[in-house]
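The values are calculated or read from the model by the stated rules, or taken from the named source; none is laboratory data. Predicted, not measured: the structure shown is a model, and the values here were computed from it. Cβ: placed from backbone, ideal geometry, glycine included. Neighbour counts: every protein chain shown. SASA here: full protein model, heavy atoms, side chains in, ligands and nucleic acids out. Shrake-Rupley method; radii C 1.70, N 1.55, O 1.52, S 1.80 Å.
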Amino acid sequence: MRYRWLGKTGLNISEIGFGAWAIGGAWWGPQDDQDSRLALHQALDLGVNFIDTAWVYGDGHSEKLIGSVLRERREKAVIATKVPPKTWNWEGPPGAALEEAFPADWVAQKAEESLRNLGVERLDVLQLHTWLQAWNTQAGPLLAAVEKLKRAGKIRAFGLSLKDKEPAAANDLIRWRQIDTLQVFFNLLYQEPIEELFPVARAYGVGIIARVPMAFGALSGRFRAGTRFGGDDHRARLYVGEGLKTTLKKVDKLKFLSSRDLPLAEAALKWTLAFPEVSTSITGIRNPLQARVNAAAGEGKPLAAPLARKARDLYRKNFGLPVVRVASLDAVPAVFISGARLAPKGKAKAKKARPQPAAKNKKRKKK
């Protein structure tokens, strides 16, 4: 396993991280705790030392599982967790106040709960689970509370988990040197952070945590026209109908990245790591097999630079697929952004985007 520095935090972390949303037991269909425990042990055995979780992943269940497994092992892991907004609204509607979503006492309370769940004395990285650009100028009291937690030894580093389609939302905070890390939606089907975030993050030494590098499994190469998701699996609203058809066409265009010795899933992970701004790429891991497959991307040769550039060029050209003009990108999921463009102002009403939008957030749904 290769390792990289997480910005200027002083934390040296594995290139492949353990995404612990699914083991919380919500929004990904049924999950067995024993599988979760075995998956964590397998990942740690393979050198994965970065685990990303959140209080809302099973209302602390994911954190408790991680803490239980770590107490059985000698080595230490770097744990990043997240504070949910007190409003339980991950979208943060226009005009929403930061004080309502993340009041200082709420952040301190949830940090303490996460410490107890994980069974540790200090959180390596505490993140807020959503963010609005408008909150940058309202962050004074919150940042003071974070600094107090740092001085008390409760947290080591502070970061934000940005909304899927807003990679530049915290760029002002980066320039003001107020955050240590940013978790951002980044994969072959959504490459906006390369231009909107990476240059400023590199200039100020902010560690980038790439999430959803497999596009919720679409880049595994295992999706088919008949693929369906049941139960509470949130992908049932994303990869369906035209959305699924479009995704399959894009993934087919990306198969040049794979070879006999390099499965598409591994290539997709290596592609995110082709950018030095990315400190780690966190993948959802639910069982030992997934742990082995994903950890392999942090070993062996990096993805060849010409292949990485070709994938970038494909994205810029929307994979050779038609571009749809839309009135607003708000209803277009991030994985379909490259295929949508805003209609010019003053023109007739834009055509409806073909990809089906994800359903509105339910209470406590992660973004």
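Once you sort the root eigenvalues of the Cα gyration tensor of the stretch 69-185 as a ≥ b ≥ c, which label holds: rounded (a/c under 1.5), prolate (a/b larger than b/c) or oblate (the other case)? Prolate, because a/c is 1.5 or more and a/b exceeds b/c. For the stretch 187-192, the Karplus equation 6.51 cos²θ - 1.76 cosθ + 1.60, evaluated at θ = phi - 60°, returns couplings of 6, 4, 8, 8, 10, 4 Hz by residue, with Gly and Pro reported as x. Using only side-chain charges placed at the Cβ, +1 for Lys and Arg and -1 for Asp and Glu, the dipole size of the chain relative to its Cα centre rounds to 1300 debye.
Spin-label pair SER68-ARG228: with each label point 7 Å from Cα along the Cα-Cβ axis, the two points sit 3.3 nm from one another. Here the gap between ASP261 and LEU342, fully extended at 0.36 nm per residue and compared with their Cα-Cα distance, gives a gain of 25.1 nm. Centre-to-centre, using Cα atoms only, the stretch 219-253 and the stretch 1-77 are separated by 26 Å. Applying a DSSP loop filter and a limit of 15 other Cβ atoms within 10 Å to the trypsin sites (Lys or Arg not before Pro) in the stretch 23-75 leaves ARG71, ARG73, ARG74.
Explain nothing, just the number: relative contact order of the chain, from Cα pairs under 8 Å at least 6 residues apart, as a whole percent. With pairs under 8 Å counted, the relative contact order is 21 percent. Going 7 Å from the Cα of ARG237 along its beta-carbon direction, which residues of the stretch 87-107 have the amide nitrogen within less than 11 Å of the resulting point? Backbone N within reach: none found.
Only Cα pairs under 8 Å and 6+ residues apart enter the sum, and on that basis the relative contact order of the stretch 1-65 stands at 38 percent. Comparing SER220, SER259, SER114 in a Gaussian network model of the chain (Cα springs below 10 Å), the most mobile by mean-square fluctuation is SER259.
Normalised by the number of residues in the stretch 139-193, the mean separation of alpha-carbon contacts (under 8 Å, six or more apart) gives a relative contact order of 34 percent.
Between LYS310 and ALA104, the simple spin-label model (points 7 angstrom out along Cα→Cβ) gives 5.5 nm. In order along the stretch 212-228, phi translates into HN-Hα couplings of 6, x, 9, 6, 6, x, 4, 8, 6, x, 9, 6, 10, 4, x, 5, 9 Hz, rounded to whole numbers, per the Karplus curve 6.51 cos²θ - 1.76 cosθ + 1.60 with θ = phi - 60° and x for Gly and Pro.
Between ALA144, ALA334, ALA169, the GNM of the chain built on Cα springs shorter than 10 angstrom shows ALA144 fluctuating the most. Just to be sure I understand the rule: take each whole DSSP H helix in the chain, project its Cα atoms onto its long axis, keep it if the span is 24 Å or more and its mean Kyte-Doolittle hydropathy is at least 1.6. Which ones pass? Qualifying helices, which must be both long enough and hydrophobic enough, do not occur. With a Förster radius of 51 Å applied to the beta-carbon distance between ASP330 and GLU299, the computed FRET efficiency rounds to 0.80. Answer with a single label: of (i) 144; (ii) 183; (iii) 133, which was calculated as volume of the Cα convex hull per residue in Å³ from the structure in view? It is the value labelled (iii). The gain in end-to-end length when the LYS76 to GLU195 segment is fully stretched comes to 39.4 nm, 0.36 nm per residue minus the alpha carbon separation.
On the beta carbon distance between ALA152 and ARG177, with R0 = 25 Å, the FRET formula returns roughly 0.75. Counting only protein heavy atoms and a 1.4 Å probe, the stretch 70-167 has 45 square angstrom of accessible area per residue. In terms of accessible area, using a 1.4 Å probe and ignoring ligands and nucleic acids, LYS345, LYS249 rank largest first as LYS345, LYS249. Taking amide H as placed 1.01 Å from N in the peptide plane, the amide H of ALA157 sits under 5 Å from that of VAL125, LEU126, each at least 5 places away or on another chain.
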